[in-house]
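The values are calculated or read from the model by the stated rules, or taken from the named source; none is laboratory data. Everything quoted here is computed from the prediction, not taken from an experiment. For neighbour counting, all protein chains shown are included, and Cβ atoms are generated from backbone atoms with ideal geometry for every residue, glycine included. Note: accessible area is taken over every heavy atom of the protein model, side chains too, but ligands, DNA and RNA are not part of it. Shrake-Rupley method; radii C 1.70, N 1.55, O 1.52, S 1.80 Å.
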Amino acid sequence: MRNTTAAAPATSMHGPPANMFDTVPGYEGTVAGGGGGYLPPPMPSVPMPVPEQAPSPPDWHIPSISEDRAREAFATYVSSKCCYSSAPVREGVITNMESFNTYRYRLETFMESRSTEWSQEPYTGQPVDAGVQPAPGPWQIAAQPPAFFQEHKQTIKVPYTSSVKNCHLCLGMGRNPCTTCAGAGNKVCWVCNGSGYRHSDDRCTHCNGRGRENCSSCSSSGSCQCDTCRGKRQLLVFINLNVKWSIEKDEFVAQDSSGLRVEKLEEVSGKELFKDAQNMVYPVRGFPDVSVAQASERFVRDHQVKYAQTSRMLQQRQTIELIAITKVNYMWKGKPNVYYVYGNEFKVNADDYPATCCCSVM
């Protein structure tokens, strides 16, 4: 399949000119330094497997935590804060505990993307194979993928694209004018600033009164070895195939009325109610919380639209977690206060802790 992305304009004065590279069928949009965009994968030769209908998960319920467990989590939280007094933990009286169930849906798509770029290296006798036979297409080249849902990158030299060209920067000379002395082999003396004298009639001893000194960058030759071809005068130019395996992830947390900020739930895990991994997953159907089912349908559709045109989707994985949140109401010194215990880790949030003090380091 041909790369139909538009070629970039000729590169800057230090980059290779566009006419330096041969036209390779299937790689017409390849440019030096990349930037040609990701290559659309070929249509599958066999129909993609039809996703299996996801079974409806049971309506799980997490029992409320006990007062002792809530106090223990609260005490651990307070002890981790240097400026928090433990008095509310010891003296506070729990008046009410409310349990909330919050669902978190996550869709992950593991995919492979391919892009190409012209590359070059000094020619030192490497094999030259351009034109020996047609180059394989970008998606015909075998790459070693990692395990599912492990990000990785691999660069492969495309067979039958290597040719030898004169170095564009030094025009095949192997050397370039020295940039320090502009090719003169010497430069203005920095001590006398070119006058040949230091003070009144005192001849400059640094340059012996010449006003100029030998250039140390090029050893007075006026030219330096070309950095591009490293003095070899020729370059091996070829196409590199850049393969990237990446994970795209979207999450949705169902709204709850607990009052705990949603971003706090990013810190904890929940009880896994449902997990489904296939080449292509099917949106969750019949889930008790309608918003979760709607998010699943939206994410599955969005991933197909956004990624299937430029990448090969290798595996999808979706999960639903139930995150327990307990809102603890307590009285301390005659005033009502609140803290939250949430997640499998029994993490605590108490934004308005009633007994803080200022800390100072002596």
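Tabulated data
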{"quantity": "Cβ-defined net charge surrounding Pro336, 15 Å radius [Lys, Arg +1; Asp, Glu -1]", "calculated": "-1"}
{"quantity": "Ordering of 340-349, 321-330, 18-27 by burial proxy (mean other Cβ atoms within 10 Å per residue, highest first)", "calculated": "321-330, 340-349, 18-27"}
{"quantity": "Selected from Ala355, Tyr105, Pro177, residue furthest toward positive end of dipole (the chain; charges at beta carbon)", "calculated": "Pro177"}
{"quantity": "On Cα atoms only, tilt of 290-307 relative to the major axis of the chain in degrees", "calculated": "10 degrees"}
{"quantity": "About the Cα centre, charge dipole magnitude for the chain (Lys/Arg +1, Asp/Glu -1 at Cβ), debye", "calculated": "1340 debye"}
{"quantity": "Around Thr102: net Lys/Arg minus Asp/Glu count, Cβ-Cβ under 10 Å", "calculated": "-2"}
{"quantity": "Estimated vicinal HN-Hα couplings, Hz - segment 210-223 in sequence order (Karplus 6.51, -1.76, 1.60; Gly, Pro = x)", "calculated": "7, x, 9, 10, 5, 7, 7, 5, 10, 6, 6, 7, x, 9"}
{"quantity": "Of Lys157/Lys249; Lys244/Lys271; Lys244/Lys306; Lys165/Lys187; Lys153/Lys271; Lys81/Lys264, pairs whose Cα-Cα distance is over 23 Å", "calculated": "Lys157/Lys249; Lys244/Lys271; Lys165/Lys187; Lys153/Lys271"}
{"quantity": "Tilt relative to the chain, helix 67-79 - C-alpha long axis, 0 to 90 degrees, to 10", "calculated": "40 degrees"}
{"quantity": "Label of the coordinate-derived value, volume of the Cα convex hull per residue in Å³, listed as (1) 256; (2) 135; (3) 159", "calculated": "(1)"}
{"quantity": "Protein-only accessible surface order, largest first, of Arg233, Arg212 at 1.4 Å", "calculated": "Arg233, Arg212"}
{"quantity": "Relative contact order %, the chain, counting alpha carbon pairs below 8 Å whose residues are six or more apart", "calculated": "28 percent"}
